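I have placed the structure first, in the form of structure tokens, so that the comments after it can refer back to it.
The values are calculated or read from the model by the stated rules, or taken from the named source; none is laboratory data. Computed from a predicted structure; not experimentally measured. So basically every Cβ, Gly included, is an ideal-geometry build from the backbone, and we count neighbours across all protein chains shown. Accessible surface areas use protein heavy atoms only, side chains included; no ligands, DNA or RNA. Shrake-Rupley method; radii C 1.70, N 1.55, O 1.52, S 1.80 Å.
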Amino acid sequence: MLAQLGDEARPLAGGQSLLPLMKLRFANPEHLVDLNFIPGTSYVKKEGGALRFGAMTRHAEIENSSVAASVPILHDCAAGIADVQVRNRGTIGGSVAEADPSGDWAVALMTLATEVRCIGKNGERTVALPEFIQDAYTTVLAADELVSEIAVKVPAKGSGGAYLAFKRAAPVYATASAAVQLTMDGNTCKDVAIALGCVGLTAIRAKDAERALRGQEITEKILAVAAEAARAAADPQADMRGSAEYKKTLVAGLVKRAIQIAARRASGEPVEVGAIYA
Ligand SMILES: Cc1cc2nc3c(=O)[nH]c(=O)nc-3n(C[C@H](O)[C@H](O)[C@H](O)COP(=O)(O)OP(=O)(O)OC[C@H]3O[C@@H](n4cnc5c(N)ncnc54)[C@H](O)[C@@H]3O)c2cc1C
């Protein structure tokens, strides 16, 4: 149908981004192609060394999935998105396709080996998440293409992760967020991925912060270096959520805290995480 209707058609998933944009007249599609009645597009499963999420899987289904909980950063992310109403409607596929600079999913997924499966009239293709998201609200998807699945490689043994979002209230986007996924070898951080949210046009990988941690014991000194590197990587804009300087300081603090929680989880300690409210 998308191929037949052309550029003026938009797919409708949970409607939690598209409908507000239509109400504001920022989006005015001539046709909506409702994905809600396509069978077999909502699932969470572990298969072929990856956690697989059908594009139409709601945030709430992921929040409540024991399969997703095996990678705690995914549960942190799903459980912290907006409020119950939004989580019951909004989908992981819609979030990734929307590429909202303030969206939570891309930040958490950026720290894992994540692939986006796309389907269109010319067949299927799989795109690594960092290549899939091109810019704010911009992806590699063609107008007649759909996201069909998000696949996350199961992290190595000894891994742990955490996603922390700082919010003014539940039904608003975060002021800043940080995702950390690391692998420990005893007390040493063997590998790590760090992503920052709401402080740039897309999720930002804080590569210098990662370099500061890799091969090191996680001491207060190293944490401070990593947090400072994350602050430097952030490129936020001032808005009603805070000044650019405020967001930089905030994201540095979130990174530090997320590293500590990720390391505790990597050692097998169960640590509960929720969104942090102002
Ligand atoms: C009050 C409120 C608060 C919110 N707070 C947060 C928050 O804190 N964090 C957060 O991350 N999000 C938040 N959201 C957004 C929410 O997570 C949305 O669910 C999500 O951004 C979009 O998913 P959706 O399924 O609703 O997509 P839709 O709104 O239906 O679609 C979004 C866009 O993606 C396209 N699309 C949808 N599915 C596909 C697909 N399978 N393939 C190709 N294109 C597709 C649509 O055409 C549209 O352009 C909030 C929304 C509201 C209303």
task: Go through segment 12-39 and count every residue that is more than 13 Å from the ligand (Cβ to nearest atom) and open to solvent by less than 80 Å² (accessible area, probe 1.4 Å).
output: 0
Strands (runs of 3 or more DSSP E) within segment 156-215 that include 1 or more residues modelled with pLDDT of 95 or more and in contact with a Cys (Cβ under 9 Å, 6 or more places away or on another chain): 159-167, 176-185
query: Counting only residues that are among the acidic types (Asp, Glu) and under 16 Å from the mean Cα position of the chain (by Cα), which one in segment 132-182 is farthest from THR114 (Cα to Cα)?
result: ASP135
ILE38 being of a type outside the set (D, E, K, R), in contact (Cβ under 8 Å) with a residue 12 or more places away in the chain and over 22 Å from ALA169 (Cβ atoms): yes
query: Of all residues in segment 49-78, how many are more than 14 Å from the ligand (Cβ to nearest atom) and free of Cβ contacts under 8 Å to residues at least 24 places away in the same chain?
result: 6
task: Please go through segment 98-132 and pick out each residue that is open to solvent by less than 30 Å² (accessible area, probe 1.4 Å), among the aliphatic types (A, V, I, L, M), more than 10 Å from the ligand (Cβ to nearest atom) and not in a loop (DSSP other than H, G, I, E, B).
output: LEU109, MET110, VAL127, LEU129
query: What do you reckon, is SER102 closer than 23 Å to VAL44 by Cβ and of a type outside the set (Lys, Arg)?
result: no
message: Would you confirm whether or not segment 152-166 contains a residue that is open to solvent by less than 20 Å² (accessible area, probe 1.4 Å), under 16 Å from VAL96 (Cβ atoms) and touching a helix residue (DSSP H, G or I) at 6+ places or on another chain (Cβ under 9 Å)?
response: yes
field: Wholly within segment 44-88, helices (runs of 4 or more DSSP H) carrying at least 2 residues that are not aliphatic (A, V, I, L, M)
entry: 59-63, 72-80
Single residue of segment 183-202 satisfying the filter (open to solvent by 10 Å² or more (accessible area, probe 1.4 Å) and β-branched (Val, Ile, Thr)) that is farthest from the chain's Cα centre (by Cα): THR188
- line: Looking across segment 79-97 at residues that are of a type outside the set (D, E, K, R), open to solvent by 20 Å² or more (accessible area, probe 1.4 Å) and more than 20 Å from ARG52 (Cα to Cα), the single one that is farthest from the ligand (Cβ to nearest atom) is VAL84
query: Looking at this structure, is ARG231 out of contact with any strand residue (DSSP E or B) (no Cβ under 7 Å at 6 or more places or on another chain), within 23 Å of ARG87 (Cα to Cα) and not hydroxyl-bearing (Ser, Thr, Tyr)?
result: no
- line: Taking first residues from segment 1-16 that are under 11 Å from GLU98 (Cβ atoms) and second residues anywhere that are outside any loop (DSSP other than H, G, I, E, B) and of a type in the set (D, E, K, R), the pairs with Cβ under 6 Å that are 6 or more apart or on different chains are GLY14/ARG89; GLN16/ARG89
message: Looking only at segment 227-260, count every residue that is part of a helix (DSSP H, G or I) and either of a type outside the set (Lys, Arg) or without any contact (Cβ under 8 Å) to a residue 40 or more places away in the chain (or both) and tell me the total.
response: 21
task: Those residues that are open to solvent by less than 70 Å² (accessible area, probe 1.4 Å) and within 6 Å of the ligand (Cβ to nearest atom), I need them from segment 1-11; list them, please.
output: PRO11
